[in-house]
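Written out below as structure tokens is the structure these notes cover.
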Amino acid sequence: MPKIKKALVTGITGQDGSYLAEFLVKKGYEVYGLMRRSSSFNTDRIDHLYQDPHEKNLRLKLVYGDLNDASSLNHIVKTVKPDEIYNLGAQSHVKVSFSIPEYTGEVGALGTTRLLEAIRDSGIKTKFYQASSSEMYGNASEFPQNENTPFRPRSPYAAAKVYAYWMTANYREAYNIFACNGVLFNHESPRRGETFVTRKITMALARIRHKVQTKLYLGNLDAKRDWGFAGDYVEAMWLMLQHHEADDYVVATGETYSVRQFLEEAFGYVGLNWKKYVEIDKKYFRPTEVDCLMGDSSKAKKLLNWKPKVNFPQLVRMMVDADMNVVRKILHGTKGKR
């Protein structure tokens, strides 16, 4: 009987963590999700995985730990002995990182180091995935951005990710750990947090369409991003750890759209003119802006045989449909699932 692979996932209650957990469970993995202890549960995105009454073999287990607590990480790594570790945990909101820069670095930069140290100290043979970000490129010097494009971080979040990126590369080279950086460009879904601009737009649109909201306040509409579907991108994470050699990869669609174009696609889908509902509020502007990001994922396509399946219009419409359903259920007295 083949051995059941074990994976440890930090940030499992987030957007990417939930899609990755689904993906790994379907692949037959036993998944351990790192979860911070709090007074309330934040497991909405993964409830369907471990509360499925038809699942005879429980393949998702939640373990308490924290990227700020080295002892908990050491204990979990030594106890679970995972075959693969996916580090998705972070304070991931760029705008918020300007307000809490120290905490952002503590979790995103030093948290990664603590996890890498836990691997080194335990001596276990595991494969490590680090969630790097296109925000590391900042105001990039070349377009599109690839694995050789210099980093120019323009936020505490991006700076923390750059630190984590190079620590991952250093542990790979110094200690022969199978460690990969996935430089993921913006990836969205119906499970995206409501404070992120894409989900903020689709949720507000659903509320406007159902006449429970009249205005949507946004910041920089000219910022351009390479937007893909989170469900596609978690497959790329997995493929990196199945490759025979540890390396770093850009994961992107190769297309860029502005926030303004996202608005046009979303509102146009339901027959509304976004200009009647959207107002600019300067409080949503960042102290330093990143104007345009677009990724070149040729390396991932060639070596991992990965490519995105969901295009921009499909992604926007998927999110609009999901939030229309959420608002509809709320108005009818039932909680909508994301």
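The values are calculated or read from the model by the stated rules, or taken from the named source; none is laboratory data. Because the structure is predicted, anything quoted here is derived from the model rather than measured. For neighbour counting, all protein chains shown are included, and Cβ atoms are generated from backbone atoms with ideal geometry for every residue, glycine included.
Before moving on, here are some points about what is shown:
- Of all the numbered requirements in (1) touching a His at 6+ places or on another chain (Cβ under 8 Å); (2) of a type in the set (Phe, Trp, Tyr); (3) at pLDDT 95 or above, Phe196 misses one, and that requirement is (3).
- Hits in the range 88-114 - residues which are β-branched (Val, Ile, Thr), farther than 14 Å from Thr168 by Cβ and surrounded by 16 or more Cβ atoms within 10 Å (Cβ to Cβ): Val94, Val96, Thr104, Val107
- Selection within the range 243-293 - hydroxyl-bearing (Ser, Thr, Tyr) and closer than 29 Å to His210 by Cβ: Tyr257, Ser258, Tyr269, Tyr277, Tyr284
- Checked against the criterion of being at pLDDT below 95, within 17 Å of Leu184 (Cα to Cα) and surrounded by 22 or more Cβ atoms within 10 Å (Cβ to Cβ), the range 272-292 has at least one qualifying residue.
- Restricting the range 143-158 to residues that are assigned to a loop (DSSP other than H, G, I, E, B) and touching a residue at least 24 places away in the same chain (Cβ under 8 Å), the residue that is nearest to Asp247 (Cα to Cα): Glu147
- Some residue of the range 72-92 being free of Cβ contacts under 8 Å to residues at least 60 places away in the same chain and touching a Lys or Arg at 6+ places or on another chain (Cβ under 8 Å): yes
- The set of residues from the range 232-284 being in contact (Cβ under 8 Å) with a residue 40 or more places away in the chain, charged (D, E, K, R) and under 23 Å from Met324 (Cβ atoms) comprises Asp232, Glu265, Glu279.
- Matching residues, the range 120-161, being over 18 Å from the mean Cα position of the chain (by Cα) and surrounded by 24 or more Cβ atoms within 10 Å (Cβ to Cβ): Gln145
- Given (1) at pLDDT 95 or above; (2) more than 14 Å from Arg114 (Cα to Cα); (3) loosely packed, with under 13 Cβ neighbours inside 10 Å, index of the condition Val80 fails: (3)
- Picking from residues in the range 293-338 that are closer than 23 Å to Gly231 by Cα and polar (S, T, N, Q), the one that is surrounded by the most Cβ atoms within 10 Å (Cβ to Cβ) is Ser297.
- Subset of the range 300-317 [farther than 15 Å from Asp247 by Cα and in a helix (DSSP H, G or I)]: Phe312, Pro313, Gln314, Leu315, Val316, Arg317
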